[in-house]
1. Need one number: the % of Cα-Cα pairs in segment A:269-309 sitting beyond the 12 Å mark.
2. Provide the per-residue ³J(HN,Hα) series for segment A:167-175, in order, calculated from phi with Karplus coefficients 6.51, -1.76, 1.60 and θ = phi - 60°, each as a whole number of Hz, with x at glycine and proline positions.
3. Under 37 °C and 0.692 mPa s, how fast does the protein assembly as shown diffuse according to Stokes-Einstein, given a Kirkwood radius computed over C-alpha pairs? Answer in µm²/s, whole number.
4. What's the angle, to the nearest 10 degrees (0 to 90), between helix A:118-127's Cα axis and the longest principal axis of chain A?
5. Need the full-extension length gain, A:GLU296 to A:ALA77, defined as separation in residues times 0.36 nm minus the C-alpha distance. One decimal, nm.
6. If I model a spin label as a point 7 Å beyond the Cα along the Cα-Cβ vector, how far apart are those points for A:VAL99 and B:ASP23 in nm?
7. Please report the relative contact order for segment B:5-72, taking Cα pairs under 8 Å with a sequence separation of at least 6, and give it as a percent rounded to a whole number.
8. Would you kindly find the accessible area of A:LYS131, with a 1.4 Å probe and non-protein molecules such as ligands, DNA and RNA excluded, rounding to the nearest 10 Å²?
Amino acid sequence: MKYIDEYRKKDLILAVSEELKKISKKQITLMEVCGGHTMAIHRFGLHALLPPTIHLLSGPGCPVCVSSQHFLDTAIACSKIPGAIITTYGDLIRVPGSVTSLEKEKADGADIRIIYSVLEALEIAKNNPEKAVIFLGIGFETTAPATAAAIVQAKNENISNFFVLSAHKVMPPVMKALVDEGVKIDGFIAPGHVTAITGTGIYNNLAAVYGLGVVVAGFEPVDMMQAILMLTLQLESAAPKVEIQYKRIVHPEGNKIALGLLEQVFEQKDDRWRGLGVIPASGLKIREEFAAFDAEKRYLLTVPEPSDPKGCICGSILRGQKTPNDCGLFAGKCTPSDPVGACMVSGEGTCATYYKYRS
Amino acid sequence: MCLAIPAKVISVEGSSALVTIEDVEYKASLLLLDDVNPGDYVMLHAGFAIEKVDADEAAETLRLLNEIADNSRP
Ligand code: SF4
């Protein structure tokens with residue numbers, strides 16, 4: 001496949017691996033923020049190709065994994081509204097809420113539909129004017145512009161039975177929060193598709209103020225290895241900065257249309273993250289102007305204050321402080337078919353990735 | 001769910017495009033991208049084209065990598 005196969009070539013991967021072994025002297029720890037990166041590292045066995053001086057940590061960049069128990073409980077409450085159709089991206093329905101999951105509610109008769117694109121939710125709304133179609137908006141800056149585009153379209157076309165329950169999140173505050181909390185890293189392998197939307201400006205502080213290296217990386221093994229090489233070169237010469245490895249997709253200024261839509265529809269709010277607590281200005285809520293499409297304002301649902309599942313250490317894993325092997329439930333009580341925490345649900349979740357590629 | 005895949009644009013109609021990934025056809029919304037033409041490659045994410053693939057930059061990245069590979073050969 002064009003733009004994939006070239007970036008999976010073994011000789012290139014091995015050449016970068018050799019180069020890394022030559023130049024790496026300092027002990028460095030890099031965090032891959034994005035679940036897609038975690039998956040690529042394990043799938044292609046990249047750990048084994050790095051010199052012992054380079055350590056990788058997984059971060060909090062899997063949207064399903066960071067969706068809070070509170071959000072899930074609210075989504076489940078939505079599914080019990082008479083005449084409601086819940087629309088959601090696939091993985092979310094399997095995440096256990098405090099008492100039940102969307103999957104169980106669906107089995108019990110709630111109308112919950114898995115969609116691939118938010119535009120399908122809009123179609124369902126058009127075709128079912130007597131129903132309330134609620135879209136569960138999760139995802140970072142890559143996904144949130146699509147939700148914004150759908151809301152604008154609903155407004156333009158006067159679709160009055162389409163609502164969004166927004167748990168959309170933005171990346172920079174959580175990256176900063178991790179460093180502020182004392183997670184010891186020297187650089188970030190930054191998420192390629194998030195940055196395609198946002199541009200690289202969001203990382204300037206991390207390099208300038210915190211002295212961290214930041215390289216925006218693609219998702220194929222060659223991309224990842226090259227990004228690690230770029231970070232290593234930066235850190236060996238003590239010159240941390242923001243660079244783009246994924247130049248075929250990412251421009252420093254980002255995607256202006258997508259950014260415009262985000263700005264038009266959403267404003268930042270303090271938001272809950274699974275296992276990480278509330279992080280200031282890390283979430284996106286729907287602006288007053290589009291309140292008619294805000295499920296939260298339409299239904300004013302309140303759910304009891306939830307607690308994270310017992311024994312699950314997703315929070316420490318999302319912070320890069322622990323790995324799934326440190327969890328007593330991993331691969332025993334908690335498996336992809338019967339997950340305890342959200343990190344085991346999504347294919348991009350760290351626990352699910354470790355489970356799939358465990359030896 | 002965050003995955004995005006390079007897809008080839010076959011045709012464009014209004015704010016959506018017909019794209020193919022390994023000969024399978026998909027519809028891609030162009031609400032987040034303008035100036036998309038048949039023959040372009042776009043990254044398809046959750047039904048939306050989020051960015052074009054820049055062929056020149058792709059070639060340049062590979063050139064750099066091949067240089068590293070050439071140098072690392074004994
Ligand atoms: S293995 Fe399961 S219970 Fe343990 S941290 Fe991961 S998701 Fe939570």
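The values are calculated or read from the model by the stated rules, or taken from the named source; none is laboratory data. This is a predicted model, so every value here is computed, not measured. Backbone-built Cβ (ideal geometry, glycine too); neighbour counts: all protein chains shown. Surface accessibility is based on the protein's heavy atoms, side chains included, excluding ligands, DNA and RNA. Shrake-Rupley method; radii C 1.70, N 1.55, O 1.52, S 1.80 Å.
1. Details: 566 of 820 pairs.
Roughly 69 percent, rounded to a whole number.
2. So the J values, rounded to whole Hz, are 10, 4, 10, 10, 7, x, x, 6, 5.
3. Values: Rh = 22.1 Å.
My calculation gives 148 µm²/s for D.
4. 10
5. Values: separation 219, 0.36 × 219 = 78.84 nm, distance 1.11 nm.
Additional length available on full extension: 77.7 nm.
6. Between A:VAL99 and B:ASP23, the simple spin-label model gives 5.2 nm.
7. Details: 106 pairs, mean separation 17.9, N = 68.
This gives 26 percent for segment B:5-72.
8. Approximately 70 Å² of A:LYS131 is accessible to the 1.4 Å probe.
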